[in-house]
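The values are calculated or read from the model by the stated rules, or taken from the named source; none is laboratory data. Worth saying up front: this structure is predicted, and the values here are computed from it rather than measured. Every residue, glycine as well, gets a Cβ built from its backbone with ideal geometry; the counts of neighbours run over all protein chains shown. Heads up: the accessible areas ignore ligands, DNA and RNA and are worked out on the full protein's heavy atoms, side chains in. Shrake-Rupley method; radii C 1.70, N 1.55, O 1.52, S 1.80 Å.
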Amino acid sequence: RDMTAKAAGICLIVLSSFGLGLIKSVELQKRYRLLKEWEKIVLLLEQEISCHIPLPEAYHRVGDRVCDPFKPFLESLSKQLDAHGGKSFREIFTQEGKRCLAGGCLTGEDLRQICALGDLVGFADRKTQKNLLDRYRKEQEIRLAQLREQLPAKQKLYRSLGILGGAFLVILLL
């Protein structure tokens with residue numbers, strides 16, 4: 001009976017640690033998909049700006065074509081820009097970005113890169129904004145390509161660390 005409880009405990013420890021590794025692996029995949037969606041948003045925004053759409057309306061229109069967590073972020077950003085309240089575009093963008101996008105699977109660096117868009121848009125003429133957005137989009141493409149390249153190895157690492165961590169814990173407890 002005592003051995004059955006130990007065996008069950010060992011199985012639970014290994015399974016739960018494997019599950020943690022699997023969750024981290026899935027979060028990494030989700031992070032990649034979100035950054036891919038952000039790339040799409042920047043492209044759509046670039047198109048809206050080139051059509052001479054005002055920024056609040058551009059963010060609202062792009063927000064209608066994307067999914068969570070970016071949809072509420074862009075809608076809120078559009079409303080805040082309409083209200084303005086004396087804040088700069090950069091402040092509004094950063095505030096709404098941190099409020100709507102923090103706490104998910106995006107890293108602090110991802111959020112910083114997303115909020116960096118607030119430094120590029122909203123103050124210059126349309127042509128300059130379009131050029132800045134184009135350069136920003138190309139930088140994001142490079143970051144995304146690097147992540148895509150690292151993705152399989154990191155996912156395998158997370159799963160392996162989950163299993164090995166569970167095995168180590170079992171050995172430690174025995």
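State the number of residues belonging to segment 135-150 that are closer than 24 Å to Glu27 by Cβ and open to solvent by 40 Å² or more (accessible area, probe 1.4 Å).
The first filter runs over segment 135-150 and keeps only residues closer than 24 Å to Glu27 by Cβ, leaving 139-150.
Those still in the list that are open to solvent by 40 Å² or more (accessible area, probe 1.4 Å) too: 139, 141-143, 146, 148-150.
Qualifying residue count, segment 135-150: 8.
Can you tell me which residue within segment 27-39, out of those that are touching a helix residue (DSSP H, G or I) at 6+ places or on another chain (Cβ under 9 Å) and open to solvent by 50 Å² or more (accessible area, probe 1.4 Å), is nearest to Glu139 (Cα to Cα)?
Initial filter on segment 27-39 (touching a helix residue (DSSP H, G or I) at 6+ places or on another chain (Cβ under 9 Å)): 27-29, 31-32, 34-39.
Keeping just the survivors that are open to solvent by 50 Å² or more (accessible area, probe 1.4 Å) gives 27, 29, 36.
Details: Glu27: 23, Gln29: 20, Lys36: 13 Å.
By that ranking, first place goes to Lys36.
Which residues, counting only those in segment 161-172, are touching a helix residue (DSSP H, G or I) at 6+ places or on another chain (Cβ under 7 Å) and either farther than 10 Å from Ile13 by Cβ or loosely packed, with under 15 Cβ neighbours inside 10 Å (or both)? Steps first, please.
Initial filter on segment 161-172 (touching a helix residue (DSSP H, G or I) at 6+ places or on another chain (Cβ under 7 Å)): 161-163, 165-167, 169-170.
Scanning segment 161-172 gives Leu161, Gly162, Ile163.
In segment 151-160, which residue that is surrounded by 13 or more Cβ atoms within 10 Å (Cβ to Cβ) and of a type outside the set (A, V, I, L, M) is farthest from Leu15 (Cα to Cα)?
Lys154
Among residues belonging to segment 94-107 that are within 9 Å of the chain's Cα centre (by Cα) and within 22 Å of Arg137 (Cβ to Cβ), point out the one that is surrounded by the fewest Cβ atoms within 10 Å (Cβ to Cβ).
Within segment 94-107, the subset within 9 Å of the chain's Cα centre (by Cα) is 101-102, 104-107.
Filter once more, so that each one left must be within 22 Å of Arg137 (Cβ to Cβ): 101, 104-107.
Working: Leu101: 19, Gly104: 15, Cys105: 17, Leu106: 21, Thr107: 11.
Out of the qualifying residues, it is Thr107.
Could you tell me which numbered condition Val42 fails, if it satisfies all but one of (1) modelled with pLDDT under 85; (2) surrounded by 15 or more Cβ atoms within 10 Å (Cβ to Cβ); (3) more than 17 Å from Arg99 (Cβ to Cβ)?
Among (1) modelled with pLDDT under 85; (2) surrounded by 15 or more Cβ atoms within 10 Å (Cβ to Cβ); (3) more than 17 Å from Arg99 (Cβ to Cβ), Val42 violates only (1).
Would you check which residues across segment 55-86 are of a type outside the set (A, V, I, L, M, F, W, C), assigned to a loop (DSSP other than H, G, I, E, B) and touching a helix residue (DSSP H, G or I) at 6+ places or on another chain (Cβ under 9 Å) and list them?
The first filter runs over segment 55-86 and keeps only residues of a type outside the set (A, V, I, L, M, F, W, C), leaving 56-57, 59-61, 63-65, 68-69, 71-72, 75-76, 78-80, 82, 84-86.
Checking which are assigned to a loop (DSSP other than H, G, I, E, B) leaves us with 64-65, 68-69, 84-86.
Once the filter is applied, which keeps residues that are of a type outside the set (A, V, I, L, M, F, W, C), assigned to a loop (DSSP other than H, G, I, E, B) and touching a helix residue (DSSP H, G or I) at 6+ places or on another chain (Cβ under 9 Å), segment 55-86 yields Asp64, Arg65, Pro69, His84, Gly85.
Regarding Lys24, is this residue touching a residue at least 12 places away in the same chain (Cβ under 8 Å), closer than 22 Å to Lys138 by Cα, open to solvent by 50 Å² or more (accessible area, probe 1.4 Å) and not small (Gly, Ala, Ser)?
On the way: touching a residue at least 12 places away in the same chain (Cβ under 8 Å): yes; closer than 22 Å to Lys138 by Cα: no; open to solvent by 50 Å² or more (accessible area, probe 1.4 Å): yes; not small (Gly, Ala, Ser): yes.
No.
If you take the residues of segment 1-21 that are modelled with pLDDT of 85 or more and open to solvent by 100 Å² or more (accessible area, probe 1.4 Å), which of them is farthest from the chain's Cα centre (by Cα)?
Leu12
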